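Laboratory data are not the source of any read-out in this text; all were calculated from the coordinates shown. Values in this document were obtained by computation on a predicted structure and should not be read as measured data. Reconstructed Cβ throughout: ideal geometry from the backbone, glycine too, with neighbour counts over all protein chains shown.
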Amino acid sequence: MSRIGKAPISLPAGITVNVNKTKVTVKGPKGELVQDIHPDMQVSVDGEVLTVERPTEQKRHKAMHGLYRSLLYNMVEGVTNGYKKELELVGVGYKATVQGNVLELNLGYSHSIYMAMPEDIKVDAETAKGQNPKVTIEGIDKQLVGQVAAKIKSLRKVEPYKGKGIRFVGEQVRRKAGKTAAK
């Protein structure tokens, strides 16, 4: 049984949900999101509650039941509160600046890296004296925020010996001992 799929989604005030046969549109104070739904799944809105139901007990219907319930919950949460990821750049001389919707990163390579952000994503870079530079990514689409954060993180992966690279704020990095001098 899909425990996630069975749980109803409560809709906060100010959220409107429109359900067509294969599309669900969620509008809120932060924006609007659209999700395609498999034709077998039934999505219904009863007052302030959104529910997803499956037609049979087949394994694939059970899997889609939980999947679509999670996607719809993330949409409701996104248009209500939004999502945010914070990255920190650990390394000597690593810098991040934002000009318009373009993120410029200096990560120890011979060149700067410029990343154009999607329109739905808001990016901010801050550098405080004595601390590592931080990049904050905000948006209403959880999948897009995570994808952009993963792309930025992949530009300079954290290495295990000195811990240099791009990491999420609060992420624990496994460190290795390295070589010791032989006598």
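Normalising by the residue count of the chain, find the relative contact order in percent from Cα pairs under 8 Å and 6+ residues apart.
Normalised by residue count, the contact order of the chain is 18 percent.
Ordered by residue, what ³J(HN,Hα) values in Hz, to whole numbers, does region 116-128 give under the Karplus form 6.51 cos²θ - 1.76 cosθ + 1.60, where θ = phi - 60° and Gly and Pro are x?
In residue order, the calculated couplings are 7, 8, x, 4, 6, 9, 10, 10, 9, 10, 9, 10, 9 Hz.
Could you estimate the translational diffusion coefficient of region 57-165 from the Stokes-Einstein equation, with Rh from the Kirkwood formula over C-alpha pairs, at 25 °C and 0.890 mPa s, in whole µm²/s?
On the way: Rh = 15.7 Å.
Translational diffusion coefficient: 156 µm²/s.
What ³J(HN,Hα) values, in whole Hz, does the Karplus curve 6.51 cos²θ - 1.76 cosθ + 1.60 give for region 25-32 when θ = phi - 60°, with x put for Gly and Pro?
10, 10, 10, x, x, 8, x, 9
Tell me which residues come under 5 Å, amide H to amide H, from Asp141 once H is placed; ignore anything under 5 positions away on its chain.
Residues meeting the amide H criterion: none.
Report, in degrees rounded to the nearest 10, the 0 to 90 angle that the Cα long axis of helix 59-80 makes with the longest principal axis of the chain.
70
Can you tell me which aspartates and glutamates have their Cα less than 19 Å from the Cα of Lys164? Leave out same-chain residues fewer than eight positions away.
Filter leaves Glu86, Glu88, Glu104, Glu126.
For Ser10 and Leu67 in one chain, what is 0.36 nm times their gap in residues minus the Cα-Cα distance, to one decimal in nm?
Details: separation 57, 0.36 × 57 = 20.52 nm, distance 1.70 nm.
That works out to 18.8 nm of additional length.
Would you calculate the separation in nanometres between label points at Asp124 and Lys30, each defined as 7 Å from the Cα along the Cα-to-beta-carbon direction?
Placing both labels 7 Å along Cα→Cβ, they lie 1.3 nm apart.
Could you check the simple spin-label distance between Asp46 and Gln131, using points 7 Å along Cα→Cβ, in nm with one decimal?
Going from the Asp46 label point to the Gln131 one covers 4.8 nm.
Can you compute 3J(HN,Hα) from phi for each residue in region 47-57, using the Karplus curve 6.51 cos²θ - 1.76 cosθ + 1.60 with θ = phi - 60°, rounded to whole Hz and x for Gly and Pro?
Per residue, the Karplus-derived 3J(HN,Hα) values read x, 9, 10, 10, 10, 10, 10, 10, x, 9, 9 Hz.
Per DSSP helix of 4 or more residues, -39500 (n - 2.57); summed, then divided by the residues of the chain. What does that give at 222 nm, rounded to the nearest 500? Don't skip to the end; give the middle numbers.
Working: 3 runs with 39 residues, N = 183.
Rounded to the nearest 500, the figure is -7000 deg cm²/dmol.
How high is the FRET efficiency between Met115 and Lys162 when r is their beta carbon distance and R₀ equals 25 Å, given to the nearest 0.05?
Numbers: r = 25 Å, r/R0 = 0.98.
Efficiency, from the Cβ-Cβ distance: 0.55.
Please compute the alpha carbon radius of gyration of region 1-96, then divide it by the globular-protein estimate 2.2 N^0.38 Å. Two decimals is fine. Please list the in-between numbers first.
Numbers: Rg = 16.8 Å, N = 96, 2.2 N^0.38 = 12.5 Å.
Output field value: 1.35.
What is the distance, in nm, between label points placed 7 Å from the Cα along the Cα-to-Cβ direction at Thr22 and at Glu104?
Inter-label distance under the simple model: 4.5 nm.
For Cα pairs less than 8 Å apart in space and 6+ apart in sequence, what is the mean separation divided by the residue count of region 34-95, i.e. the relative contact order in percent? All intermediate terms of the calculation are to be shown ahead of the outcome.
Working: 33 pairs, mean separation 13.2, N = 62.
After rounding, I find 21 percent.
Hey, what's the Cα Rg ratio for the chain versus the globular rule of thumb, 2.2 N^0.38 Å?
On the way: Rg = 21.3 Å, N = 183, 2.2 N^0.38 = 15.9 Å.
That works out to 1.34 for the chain.
May I ask you to compute the full-extension gain from Ala177 to Lys151, defined as 0.36 nm times their residue separation minus their alpha-carbon distance, rounded to one decimal in nm? Write down the numbers at each step before the final one.
Working: separation 26, 0.36 × 26 = 9.36 nm, distance 2.83 nm.
Fully extending the segment from Ala177 to Lys151 adds 6.5 nm.
Taking GluC sites (Glu not before Pro) as exposed when DSSP calls them loop (any state but H, G, I, E, B) and at most 13 other Cβ atoms lie within 10 Å, what is the longest stretch of the chain free of them, the sites themselves excluded?
Values: sites that count: Glu48, Glu57, Glu119, Glu171.
Excluding the exposed sites themselves, the longest stretch runs over 58-118.
For Cα pairs less than 8 Å apart in space and 6+ apart in sequence, what is the mean separation divided by the residue count of region 109-153, i.e. the relative contact order in percent? If you can, show how the numbers build up before the last one.
On the way: 35 pairs, mean separation 13.5, N = 45.
In percent, rounded to a whole number, it is 30.
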